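Reading through the structure tokens given below for one structure.
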Amino acid sequence: MSHTKFMFPQSRYYGTFTPENLMFNANLQEFSHRVSIICALETGGKLSAHEAYSKIEELWQQLNQSKQNLL
């Protein structure tokens, strides 16, 4: 297993296959992983709640934009 796969694992995609669905699933998994890291940083006192919220909101906007681009 490579370092990247260990640090950023991705699950298989089980939905209806289209290139757009596959790409959105990958983007969604990356969003989830990054939100998890931000939450851990906030819990550990490395980010304020406001900073964490702002970062998650920015990631959400990026995910939403990726969905719009794939449509």
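Throughout, read-outs are computed from the coordinates displayed, never taken from laboratory work. Here the structure is a predicted model, which is why all the values come from computation and not from measurement. When we count neighbours, we look across all protein chains shown, and the Cβ atoms used for this are built from the backbone with ideal geometry, even at glycine.
Please give the helix 19-43 orientation as an angle from the longest Cα principal axis of the chain, in degrees from 0 to 90, rounded to the nearest 10. So the inclination is approximately 10 degrees. With both labels modelled 7 Å from their Cα along Cα-to-Cβ, the Tyr53 to Lys67 distance reads 2.2 nm. Angle check, please: helix 49-70 long axis (alpha carbons) against the longest principal axis of the chain (alpha carbons), in degrees 0 to 90, nearest 10. Helix 49-70 sits at roughly 10 degrees to that axis.
Determine the calculated [θ] at 222 nm for the chain from helices alone, applying -39500 (n - 2.57) to every DSSP H run no shorter than 4 residues and normalising by the residue count; nearest 500 deg cm²/dmol. Computed ellipticity for the chain at 222 nm equals -24500 deg cm²/dmol.
Here the spin labels are modelled as points 7 Å beyond Cα on the Cα-Cβ line, and at Thr43 and Gln29 they lie 2.2 nm apart.
In this structure the amide hydrogen of Leu47, modeled in the peptide plane, comes within under 5 Å of the amide hydrogens of Glu42, none closer than 5 places in sequence on its chain. For the chain, relative contact order (Cα pairs under 8 Å, six or more residues apart, normalised by length) works out to 33 percent.
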